[in-house]
Structure formats: structure tokens, C-alpha cells
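Scroll down for the structure; my scribbles are underneath it.
Each reported figure results from applying straightforward, stated rules to the coordinates on display, with no laboratory input. No experiment lies behind these values; they were computed from the predicted model shown. Backbone-built Cβ (ideal geometry, glycine too); neighbour counts: all protein chains shown.
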Amino acid sequence: MQDPATALTLPDPLPLDSGAELSPVTIAYQQYGALSPGRDNVVLICHALTGDQYVASPHPGTGKPGWWDRMVGPGRPIDTNRFHVICTNVIGGCMGSTGPASESGDGKPYGPRFPVVTIHDMARGIARLLDALGIERLHAVVGGSMGGMQAMAFASDFPDRVERVLVLASAARQSAQNIAFHEVGRQAIMADANWNGGDYYGGAHPDAGLAVARMAAHITYLSEAGLTEKFGRQLQARPDGSEGTKSFGFEADFQVESYLRYQGSGFTRRFDANSYLYITRAIDYFDLAEKHGGRLADAFANTTARFCVVSFDTDWLYTTAESQHLVRALNAAGAPVSFVELSSPFGHDGFLLETPGLDEVVQGFVG
Amino acid sequence: MNVPKPSALADLRPDLAAIAGTIPDGSRVLDIGCGQGTLLAALAAHKRVDARGLEIDPARVATCVSRGLSVVQGDAERDLTHYPDDAFDYAILGQTIQMVDRPAQVIDELLRVGRAAFVSFPNFAHWRMRVALGLGGRMPVTPALPEAWHATGNIRNLTVVDFRELVADRGAHIGRCWYFAKGREIGEFGANLRAEFALFLVERG
């Protein structure tokens, strides 16, 4: 049972791009800062693949601070003293919004019977949630990575409902390389015998597969320079505290191995493997130009919003070239657009971390 | 965070003030090499201009965005090609034409994306330059061009006369011109000798 203050069940079924319908649809969300009487100070933040609605408050499972705590809060660049921030958990997710682990009509979890959802479906779900909350128009929509895709989809599909669109470390289409990495992760999950075709909720979960998926993905969020600086070839100290040595076996000899194993196992405690399959699929299917005959500029033909696009120089997952592709389309559509490539050693994760110029750009753009 | 306030039009550098004084209210403007957005911010604040910028330096772009301006990080030569025809009433290229690889193509691009263009540059025929090169026998280092030949980004030194010729070559014409020396506007008489900087409004032919 969801806390009614942090989750809302939509009054109507949600039509999906696949042609299927999802019903009922619950969307879990968090709110920060007061809503203005005119309901015109709403900043919607969209989370990335493994994110959640806890953008600026502790995660209830892990107790860790919100994933963008440094950016969102009182006096922060997205200032909750001024803005009413809403962050939703995507449909297909596993933090309270309807997803593969949710109960279906027969009282059992959907599992593999959950319909494939798209980024546009996520945006449609958000629009329905805003309808239910009585919010007509957003001051801004902000997202990094997959969150940026949702922000673009929302701006394209609901052009009169948003005034500012901030897209960080994202792309208007998923690249072949990124689809390939996602497929490695999915295959790792599906190769785990516990996955059981997606029906595992009554028994052991495919944690080993999900951990490998996370480990592989985690590498893509960093950069070679960042990994070298953080770990180099340093060996991991032994559990008894003694100095690390090569085991001449397959222990986590190197610090980087130990780090990845820790990331992988930690992830399985907060994320559902089927959600990982469904959400990576949604990202892979994303190509904003597709509905517009391949002309990306046409996706923004009706928008009156201002756009700001930010890339990070060491991000090899969502590259500067992809951001520039988006910016050119926005220019061709005549939309007011800003673009900056910021310098960060942190690769794709640069948007989540302290990167010179980032706070200034976010605060200045959101206003 | 310190966000610079838009300057009053009268407080702008004289060449920028001349541009701001010429652009009608509500125009669509692209400032190429807009720096920290001094001109764009003033135009947006005082002339209700739809102000866009292109700037190569990411820190300056960040400052522009923090001022609420729409500025894209990019390069005059590489990125102008991605703007549609007639996207702007005015394209502005301030003190940059002497730094690009292909100035003629840049002029063409300015007049493709903009119906008219403002172009300013340091005048290499200013008398100080002539003295330094003609009598001194050295490449000039002056207040207008303060860097030595091996350090300067000015790879296409040109004069007022040269620029007029280039504009004619490209099938465009000069709508207006302004000349500056010692930070003030000067008259047209003997401009190719007296002007440290020149500003031209270039229009399609």
C-alpha cells in the first residue's frame, strides 16, 4: 500500500505506444517546496535509469541522501524556497510506480507480462499525474541521461505545458553503442537461472545477473581517466587489513574490481531486475525524430519553451556530438536554445557531481 | 552567485553602442563571439530583442546562460552552417573576422542566416601600424593589437579598404560604417589612416 501523499493512482487507463493499455497506473512521486497560489512555480525533475523519486531526500531503503541533493533544496541551484519540485518514479520502475513487480489484475505480480513501455509513455504518465494534481504548466522540466529523454519527450508531446527544458548528458536518440551495452546487461540478467523467464517474485531473485549488469553499466558512467585517478592498478587490502597482494586466483585483487563488486551487490538490494530490463528497453527504443519522419527539428515545431543542453567532455556514453545534434535541431526549429560542454573528469556521472559551471548554468537557466 | 546586470545602452563600448543604437526594437539577433553577453543582455533588456549568441569559450557561455541568455557553445566557422536561412534580422561578428580561416565564407554565412550583418575589426592601416611596419620594420604591437606576431590570434590582418573590397566581392553592400580611435567614434575623413577599429553594417546585395 502506497502512502497516499507520495503516490497517486491515475483515474484512467494509460494508453501505451505499443498499443497496449496499462491499468491501473500508480505513479509514486516526491514533492519539495511550496506550490505557489498560481501553481506556476513547478519544476519537474526526471530521474535516470536507476534513479528514483528521492531526488532531495534520503532513500527509504538505503538511507543515503537524495541522488541530486547537491542540486535541489533550500538555497541550492534548484531552490525549493522558490520552486515546487516534483520528482516522479517512472512507470516500469520499482520504487512505488506501477512496474513489473506490481500486482496485475489476477493478484500476482506482472513479471514478464508487464507491457513494454517507452520514454513517451513515461512522459504521458507524468502529464496525467500533473492533470490529477491540477498543474497545467511547468516552470521547467529538468533531467539528466534518461531523465533528459523524458524532458525532451514531454516538451515535444506537450509543447504548451512547459516553459523551460534543461537536458543534461543526454541524447535525442539512443546510440547503437548504448543499445549494445544495455543488451549486455539484459543478457546477464536473463542468463541468471533465478530469472526464470521473469517469474521470480515468489523465490530467489536474479541478483547475480543484475549485479553483473550494474557492474558493466557502471563502467560506462565513468571515464578512463577517472578510473585511473581513483584506482589505478592499486591492489585491494585483504579483509584482515593486511596489504593487498595478487591472489593468483580470481579474488577481487584490484581495488577497481572490489569497487565494482560492491556497486553490483549494493544495487541488487534496491533495484528489481525486471525493472532494469524494461527501463533499458524504453531507453533503447527512444528516438525522438522517429514520430516526425526522421526530422528531429519537427519534434520541436510547436514548442514555445526555452531549452538548455549541457554535455560533459569525458562523457562517452551520451557524447557532446549527440548534444550538438539536438542543439542543431532546436536551432533549425527556431527554439531559443543554450548549449555548453562542461569539463569534468567524471564521465557521464558528471551531471550528478560537482562540475565547474554546472550549478551556475542550472540556477541561471531555471531562473 | 553574481549575475551581471544588463548595461544601460549609453554605458556600452562605443562600437556596441552603435550596434545597439541601430538595431530596431524586437529584432532577432545572433551575436557571434558574444563573450559574456554584454551586448545581448543590453539588447534584450532595452530593445526587447530576441537575443541569441554563439561563443567558443564554455566559461563565458555559462555566464551567459546564468544571465538568462540563449547562447550556444560553438565556433563561427563550423557552426553557423547549422542555422537556417533568414533565422535572424541581424548577425553580429565583433572583432573576430581577422581571426577566422575563411573570412569570405564567414561573410556569406552571416548574410545567409541574417538579413544584415554587423562586422567590426581592428584596422591594420591605422597610422601607428604603418609607422611600426614601414619605419620600424617590425610587425606592429599597439594598444589596438597588443600581441606580438607569434602570439596573436589575428591571422587575417585587414584594413578598412580591404574590407570594403571583400564585401563588394561577395556581392553585398555596406549600409553604414563607424570608425573609432582612442575609444571614441571619429569621422569618416581619412578613416583608413585614422581609425583603430571599424564597424560596418553589411547588407545583402
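Sum -39500 (n - 2.57) across every DSSP H segment of at least 4 residues in the protein assembly as shown, then divide by the residue count to get the 222 nm mean residue ellipticity, nearest 500.
Rounded to the nearest 500, it is -9000 deg cm²/dmol.
Restricting to Cα pairs below 8 Å that are 6+ residues apart, what does the relative contact order work out to for chain A? Please round to a whole percent.
17
Nearest 5 percent is fine: what portion of the DSSP beta bridges confined to the protein assembly as shown is antiparallel?
40
With just the Cα atoms defining each centre, how far is region A:195-258 from region A:1-59? Give it in Å.
Rounded to whole Å, the Cα centres lie 33 Å apart.
Return the FRET efficiency for the residue pair A:Ala176, B:Arg138: r is the Cβ-Cβ distance, R0 is 60 Å, and the value is rounded to the nearest 0.05.
0.60
Local charge sum around A:Arg173 (other residues, Cβ-Cβ under 13 Å, Lys/Arg +1, Asp/Glu -1)?
That sum, taken over residues with Cβ under 13 Å, equals -2.
What does the net charge come to around A:Thr319 if you take all other residues with beta carbon closer than 15 Å to its beta carbon, with K and R at +1 and D and E at -1?
-4
For the residue pair A:Asn81 and A:Asp160, what label-to-label distance in nm results when each label sits 7 Å from Cα along the Cα-to-beta-carbon direction?
A separation of 3.6 nm, rounded to one decimal place.
Would you mind counting up the charge near B:Ala18? Only other residues with Cβ under 15 Å from its Cβ, with Lys and Arg at +1 and Asp and Glu at -1.
-2
Hey, quick one: spin label on A:Arg261, modelled 7 Å out along Cα-Cβ, who in region A:205-221 has an amide N within reach, i.e. under 19 Å?
A:207-219
Along region A:266-271, what does the Karplus equation 6.51 cos²θ - 1.76 cosθ + 1.60 (θ = phi - 60°) give for ³J(HN,Hα), rounded to whole Hz, x for Gly and Pro?
So the J values, rounded to whole Hz, are x, 5, 5, 7, 10, 9.
Check each of the GluC sites (Glu not before Pro) in region A:211-312 and keep only those in coil by DSSP with at most 16 other C-beta atoms within 10 angstrom; list them in order.
Filter output for region A:211-312: A:Glu243, A:Glu251.
Can you work out the FRET efficiency for the pair A:Asp106 and A:Met190, with r the C-beta to C-beta distance and R0 = 35 Å, to the nearest 0.05?
0.90
In percent, how large is the relative contact order of chain B, given Cα pairs closer than 8 Å and 6 or more residues apart?
Relative contact order for chain B comes out at 18 percent.
Find how much the distance from B:Glu185 to B:Val161 grows on full extension, using 0.36 nm per residue of separation minus their present alpha carbon separation; answer in nm with one decimal.
So the extension gain works out to 6.8 nm.
With a Förster radius of 51 Å, plug the Cβ-Cβ distance of A:Lys246 and A:Ser23 into 1/(1 + (r/R0)^6) and report the FRET value to the nearest 0.05.
0.35
Once you keep just the Cα pairs under 8 angstrom separated by 6 or more residues, what percentage relative contact order results for region A:178-276?
In percent, rounded to a whole number, it is 29.
According to a simple spin-label model (label point 7 Å from Cα along Cα-to-Cβ), what is the distance in nm between B:Ala8 and B:Arg102?
4.5
³J(HN,Hα) across region A:181-192 via Karplus (A = 6.51, B = -1.76, C = 1.60, θ = phi - 60°), whole Hz, x for Gly/Pro?
Residue by residue, region A:181-192 yields 4, 4, 5, 4, x, 5, 5, 4, 5, 6, 7, 6 Hz.
Find the centroid of the Cα atoms in region B:44-101 and in region B:105-150, then give the distance between the two in whole Å.
21
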